[in-house]
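A short worksheet on the structure shown next.
The values are calculated or read from the model by the stated rules, or taken from the named source; none is laboratory data. Please read all numbers here as calculations on a predicted model, not as lab measurements. Ideal geometry is used to build each Cβ from the backbone, glycine not excepted, and the neighbour counts take in all protein chains shown.
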Amino acid sequence: MKHTMSERHVLVRIPASTANLGPGFDTLGMALSLYAWLELSVPSGGQTVIDLYGDGLEGVPLNKTNLIYKVAQRVFDEAGVQVPELHISMYSEIPLTRGLGSSASAIVGALVAANALIGSPLSDDRLFQIATELEGHPDNVGASLFGGIVVSAWDGDRAEHVRLEPHADMDVLVAIPDFQLSTEKARHALPTEISMKDAVFNVGASSLLVAAFASGRLELIRHAMRDRLHQPYRAGLIPGMAEILDRACEHGALGAALSGAGPTLLALVEAGSPTKRELERFLQETLSAQGIKSELRWLRPDAQGPIVATSEGAPALTFMDRIKGE
Ligand SMILES: Nc1ncnc2c1ncn2[C@@H]1O[C@H](COP(=O)(O)OP(=O)(O)O)[C@@H](O)[C@H]1O
Ligand SMILES: N[C@@H](CCOP(=O)(O)O)C(=O)O
């Protein structure tokens, strides 16, 4: 039986991401096992409908100003296809404005889902170029799009990337403070110029960190996961951050960094480390001494990137059924 695009339903699961990993400002990203689900189809009633499920998406607009709708239209424009009305459903575990790449996962999810809806005319590379341009930097979008650890460089015109397989024994502890910090605000805290000494420090640290990931030399992370480009300037926005970054290794971390633009703090930990509880206590107590409540989550690097399921005709289970069934 032949199906038309108006009968196609696309469901995509997209990972969150942590950008920078310390010294790799706007360059390094790692996908994380925290997810958003996005379903796209052409509405039978003809009008755009946007359904958001769960608590994580409060304040996200439900009309055509919605980021997902706008990004999907960008794909249709590039492909020369007209799909003015969409049924969008989204559920997300990724907290907004906490430094875990919610905007990047929304952009990547919309690109991947819209492309699949119209038969995937755009290549992954093209999706990466569009995502980088929309997000303004390639680190989060690269990780959400390709999974694993992604090293990328963008010259404002083209972004190139290399994907590294995350080490099988690396766990990730994140402390998510109970306040929001927009990437825009955290970028405004950065200086417009830095010294040659600090630039050299970061080139060394970032290069060594990539080499440590690529070679599996996890013991080097401690030395390499240090930064002078952005973390010192953002520390004032996140009380307790400086102490956590200075002392996390004393409590068993392989290394620690601000996740993206913050406020989430991230520690890489060797799987099976006997000091996991001690590290949890250190992170939570250091933040709480500053009056900041935080949620701790143990995550893994996500090595898969987006998972796409396409069904022709109405799916046996609706999006809501699937979410309720989880
Ligand atoms: N699923 C979504 N749908 C629409 N907009 C979203 C979605 N997820 C994130 N956003 C937008 O991205 C913003 C957060 O981006 P940002 O400040 O870069 O923080 P982060 O990406 O670290 O969560 C939100 O305030 C919202 O405007
Ligand atoms: N390189 C960017 C990364 C922002 O990540 P987010 O998860 O906070 O959106 C930056 O450091 O500004």
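What the table shows:
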| item | result |
| --- | --- |
| Helices (runs of 4 or more DSSP H) wholly inside region 99-188 containing at least 2 residues that are at positive phi | none |
| When residues of region 240-257 are limited to those that are in contact with a Pro (Cβ under 9 Å, 6 or more places away or on another chain) and in a loop (DSSP other than H, G, I, E, B), the one farthest from A189 (Cα to Cα) | G252 |
| Qualifying residue in region 110-133 (condition: outside the structural domain of I238 (by TED's automatic domain parsing), modelled with pLDDT of 95 or more, surrounded by fewer than 19 Cβ atoms within 10 Å (Cβ to Cβ) and within 16 Å of ligand 2 (Cβ to nearest atom)) | yes |
| Considering residues of region 17-56 that are polar (S, T, N, Q) and under 30 Å from V200 (Cβ atoms) only, the residue surrounded by the most Cβ atoms within 10 Å (Cβ to Cβ) | S17 |
| Odd one out for S6 among (1) of a type in the set (S, T, Y); (2) in contact with an Asp or Glu (Cβ under 8 Å, 6 or more places away or on another chain); (3) more than 21 Å from S152 (Cβ to Cβ) | (2) |
| Failed criterion for L86 (all others in (1) within 30 Å of C249 (Cβ to Cβ); (2) away from ligand 2 (no atom under 16 Å from the Cβ) hold) | (1) |
| Region 182-207 residues that are more than 22 Å from V150 (Cα to Cα), paired with ones that are β-branched (V, I, T) and in a loop (DSSP other than H, G, I, E, B) (beta carbon under 8 Å, 6 or more apart) | S182/T97 |
| Of all residues making up region 71-98, the number that are of a type in the set (F, W, Y) and either in contact with a His (Cβ under 7 Å, 6 or more places away or on another chain) or part of a helix (DSSP H, G or I) (or both) | 1 |
| Sole residue being more than 24 Å from S288 (Cα to Cα), within 15 Å of ligand 2 (Cβ to nearest atom) and either of a type in the set (D, E, K, R) or surrounded by fewer than 19 Cβ atoms within 10 Å (Cβ to Cβ) (or both), chosen from R217, R228, R234 | R228 |
| Subset of region 128-151 (residues that are closer than 18 Å to L32 by Cβ and of a type in the set (D, E)) | E135, D139 |
| Selected residue (only one of A186, A199, A175 is within 16 Å of ligand 1 (Cβ to nearest atom) and farther than 22 Å from P301 by Cα) | A186 |
| Residue in region 16-30 that is in a loop (DSSP other than H, G, I, E, B) and within 13 Å of ligand 1 (Cβ to nearest atom) present | yes |
| Which numbered condition G59 misses (of (1) more than 27 Å from L173 (Cβ to Cβ); (2) small (G, A, S); (3) surrounded by 16 or more Cβ atoms within 10 Å (Cβ to Cβ); (4) within 15 Å of ligand 1 (Cβ to nearest atom)) | (3) |
